[in-house]
1. Please identify which residues in region 42-79 have an amide N closer than 15 Å to a label point set 7 Å out from the Cα of CYS106, following the Cα→Cβ vector.
2. Restricting things to Cα coordinates, could you compute the convex hull volume per residue of region 20-114 in Å³?
3. Helices from the chain with mean Kyte-Doolittle at least 0.5 and a Cα length along the axis of 30 Å or more, per DSSP H: which?
4. Could you line up TYR93, TYR250, TYR115 from fewest to most neighbouring Cβ atoms inside 10 Å?
5. Specify the residue with the greatest mean-square fluctuation among LYS118, LYS193, LYS154, computed from a Gaussian network of the chain linking alpha-carbon atoms under 10 Å apart.
6. Counting Lys and Arg as +1 and Asp and Glu as -1, each charge on the Cβ, what is the dipole of the chain about the Cα centre in debye, to the nearest 20?
7. Which value in nm describes the separation of the simple spin-label points at ALA91 and MET33, placed 7 Å from the Cα toward the beta carbon?
8. Provide the descending list of Cα extents for region 100-168 along its principal axes, expressed in whole angstroms.
Amino acid sequence: MEAAIPYTVEARPDTGLFNAKVGIWLFLASEMMLFGALFSSYILLRVGAEPGSWPHGLLNIPIGTFNTAVLITSSVTVVLSWASLKMGNFARYRRLQAITLACAACFLGLKSFEYREKFGHYEVWLKDGRRYLGHIDQNGRSPFFWNTRTLDLKKIESIQFRPDPYHYTMSPKEMALAKKAAAGKEHPRLEIKTVDIQRLSAFVPAHSTYFAIYFTLTALHALHVLGGALVIGYLWGPGARMWRVDPERYTNRIEVSGLFWHFVDLVWIFLFPVLYLL
């Protein structure tokens, strides 16, 4: 006869917590060290950058703000779903966790849209020292991931470039006012000869230190959102069978998954102002 695993429901005498809760707090401690090191690297690089050289105004603040509200909402539904189980209301728990999963899908969908927007947005450095930010107009579309090597391989002699003058030189508030004033107006196109281009880069990690950090932090965070959603989804679906045979242990699992989800949300609360607003 197999021995039962101890402390899956009742608290351990040495910690006052059941085993899974001890494990998740240890895991979250390691996660704090991971993200803490990345945030520290960002701060040191930002402080050490030459005045005026650090990019700003390159991210979509409305999308970032909406995604922040989405994750905060998901944290609320996670807490309420766990409380529903503590009160024995399984149906309400299922409804609330369905909202949590919808919020996770919404967050990831908006983040993928934001990434796609960056892949088609360019900066071009000319040999005479001028720099332009905007979009390459290739048959009415802005291609992804182009650089000077792409121009050589495709034997392109010149590009049609639509400058977007609202970046780098303006604060977020000034940029919002300028965009509002220019609503409905199309920026003039420039024809730039390939021989005059010193460097061409989309808003990808190779563009600058800023975008290398942006993609590292946000992609790592998105993977955590995906991982947390998969766990919550499993417990919401196939794993819910445990509710019938051991409801207290099942409730503990929901609490543990919720702690991880709160940590993921908290990381974004720091990511959003640091990357998008400062």
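1. Output list for this probe position: 63-78.
2. Enclosed volume per residue, from the Cα hull, is 122 Å³.
3. Both cut-offs are met by 19-48, 61-86, 209-236.
4. If I rank by nearby Cβ atoms, fewest first, I get TYR115, TYR250, TYR93.
5. Checking each option, the largest mean-square fluctuation is seen for LYS154.
6. Rounded to the nearest 20 debye, it is 580 debye.
7. Placing both labels 7 Å beyond Cα along the Cβ direction yields 4.7 nm.
8. 51, 28, 20
Values quoted throughout were computed directly from the atomic coordinates according to the rules given, and no laboratory measurement underlies them. Bear in mind the structure is a predicted one, so any value in this text is a computation, not a measurement. Don't worry about glycine lacking a Cβ; one is built from the backbone with ideal geometry, like all the others, and counts go over all protein chains shown.
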